[in-house]
Amino acid sequence: MILKFNKILLIISLLSIGLSITVEDLSNEITIDGISNELDYYDRILIDDDGNLLESPQDSRWDNPEYNDVKQIKVTWDLANLYLAVDACSYGNNVLLFIDIYDSYGIENMSQLNNLDDSATWRRSFSFYNLNPDFFVGTWDTNETPQFWKVEEGGTSRIEEIPEDIENDGMKTSATFDTNNLDGAMEIKIPFSVLSNNVNGLLNFNKIKLLAVITGPDDYNSGPDCAPDNLGGMAYDPSQMVILDNYVEITIDADNDSNPDIGINPRDQASYLEMPPIKPEALTVQNVIFQNGKTFSPILDGSIEFELDTNRASDFNVKVFDLNGKFIDSADNLDGFLHWRWDGKDQSDNLVPFGIYILCFIADSGEISHNEAIVVIK
Ligand SMILES: [Ca+2]
Ligand SMILES: [Ca+2]
Ligand SMILES: [Ca+2]
Ligand SMILES: [Ca+2]
């Protein structure tokens, strides 16, 4: 009976190898050639267990949406390397894959990127919220060898290109985006030692966050599609800044032994900040609630409390200005929710003069701000 059970297990595991479960060495199974078909079962991340796509193949905001569209992210690994692919079509545009590993640093605003020699490079109009990528792979239509870039450790804007390392069978990229090729893909093999910033290859992280986009080719362009979908939607106009705020997170080392987990299905290791597909919804302020009215008297120890209602989750800061636009103070956030109090004092703790003041609610993501006037009385 036990023997039979083992036999079944063996058959299941052999089948699973065929279905690209992670194994110790995938170097004979995966070719970095810009054709991602060998990564096609458990490595397809943006799909659910019933086979429903979690990323549309034609949700691009531009005309003829399938021609500038990101379709799928594929992920797998062996003991030494992470293998990533992005399936897309790029009609004269760029495809990028962002990798976020370290919470303490990474890109906040892509339009501020600099090469280490201070030359401008890869400036695109994307800002990041909920993730700050530490690495990215980028290519453009017809380029066959995508570039792999690393953000300076601890920083947000200085990046350096990491060259291919064919000699040591290290980092390698390839892409087949060729204008109207609807089956184009970008593939990259990245040694874990590169991602862990060490030479021994031991992982100093458990999880990675991934996000792919298509962008216009010029500096300060944004783009019409990302995968997984962002919350506020992408831009029709490429000069418009887009906020990328969703990601798929893959757990590579669940048992925390500093080695990538072997014998698992990468898709089973995926989770999302918000599960796609997402119907984009621009962030809006629905209501500001003043429990005790919009008038208060700080001189009599009064303070003003207010709560914000929004259509979807986002953090906000509240700044107080006078009618000349002079910054007075930030309101105190109460209990971590969209609930604040201001005591009618400036940054130096002095009572402000009587009059009208403006509360400015600023979304952390930078998407919107909203003003409300209040009155300080005697
Ligand atoms: Ca391939
Ligand atoms: Ca898409
Ligand atoms: Ca980061
Ligand atoms: Ca999308």
Descending accessible area (1.4 Å probe), largest on the left, turns ARG267, ARG158 into ARG158, ARG267
LYS172, LYS209, ranked by accessible area, largest first (probe 1.4 Å)
LYS172, LYS209
Calculate the translational D of the stretch 117-262 in whole µm² s⁻¹ from Stokes-Einstein, where the hydrodynamic radius comes from the Kirkwood formula applied to all Cα pairs, the temperature is 4 °C and the viscosity 1.567 mPa s.
77
For the chain, set up a Gaussian network in which alpha carbons nearer than 10 Å are linked by springs, and say which option among PHE177, PHE327, PHE306 fluctuates the most.
PHE327
Where the accessible area of the stretch 25-94 is counted over protein heavy atoms with a 1.4 Å probe, how much of it, in %, is carbon and sulfur?
40
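Considering only Cα-Cα distances, which of the following residue pairs are longer than 23 Å: LYS150/LYS279; LYS279/LYS319; LYS150/LYS209; LYS207/LYS279; LYS189/LYS279; LYS189/LYS209?
LYS150/LYS279; LYS279/LYS319; LYS207/LYS279; LYS189/LYS279
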I'd like the FRET efficiency for ASP315 and ASP219, computed as 1/(1 + (r/R0)^6) with the beta carbon distance as r and R0 of 30 Å, rounded to 0.05.
0.55
Please pull out the direction-averaged projected area of the stretch 29-68, using the convex hull of its alpha-carbon atoms, in nm² to one decimal place.
3.7
When the C-alpha atoms of the chain are aligned to their principal axes, what extent does each axis show, in angstrom, from largest down?
83, 55, 40
Given ALA212, HIS370, ASN130, which one lies farthest toward the positive end of the charge dipole of the chain, if we put +1 on the Cβ of every Lys and Arg and -1 on the Cβ of every Asp and Glu?
HIS370
10 Å Cβ shell holding at most 12 others, DSSP loop, GluC sites (Glu not before Pro): longest site-free stretch of the chain
25-152
Name all residues of the stretch 350-378 having a backbone nitrogen under 18 Å from the label point set 7 Å from the Cα of ASP237 along its Cα→Cβ direction, giving them as ranges.
367-369
Largest first and rounded to whole Å, the semi-axes √(5λ) derived from the alpha carbon gyration tensor of the stretch 138-192 read 23, 16, 8
Using protein chains only and a probe of 1.4 angstrom, how many square angstrom of LEU300 are accessible, to the nearest 10?
130
Full extension from THR156 to LEU351: what is 0.36 nm times the residue separation minus their Cα-Cα distance, to one decimal in nm?
66.4 nm
Above 17 Å lies some portion of the pair distances; for the stretch 285-376, what is it as a whole percent of all C-alpha pairs?
44
Quote to one decimal, in nm, the extra length available between THR284 and THR179 on full extension: 0.36 nm per residue of separation minus the C-alpha distance between them.
34.1 nm
Can you list residues whose amide H is under 5 Å from GLY232's amide H, if they're 5+ apart or on another chain and H is modeled 1.01 Å from N?
GLU281
Considering only protein heavy atoms, what per residue accessible area in square angstrom results for the stretch 21-272 with a 1.4 angstrom probe?
39
Cα to Cα, under 18 Å, and not fewer than 8 places away if on the same chain: which lysines meet these conditions relative to LYS326?
LYS345
Chain lengthening between ASP343 and SER196 when straightened (0.36 nm per residue, less Cα-Cα):
48.2 nm
In degrees, nearest ten, helix 2-18 long axis to first principal axis of the chain (Cα)
70
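Mean residue ellipticity at 222 nm from the helices of the chain, using -39,500 (n - 2.57) per DSSP H segment of n ≥ 4 over the full residue count, to the nearest 500 deg cm²/dmol?
Here the helix-only value at 222 nm equals -1500 deg cm²/dmol.
The values are calculated or read from the model by the stated rules, or taken from the named source; none is laboratory data. Bear in mind that the values here come from a model prediction, so they are computed numbers and not experimental data. Counting neighbours? That spans all protein chains shown, and the Cβs are built from the backbone with ideal geometry, glycine included. Calculation scope for accessible area: heavy atoms of the full protein, side chains included, ligands and nucleic acids excluded. Shrake-Rupley method; radii C 1.70, N 1.55, O 1.52, S 1.80 Å.
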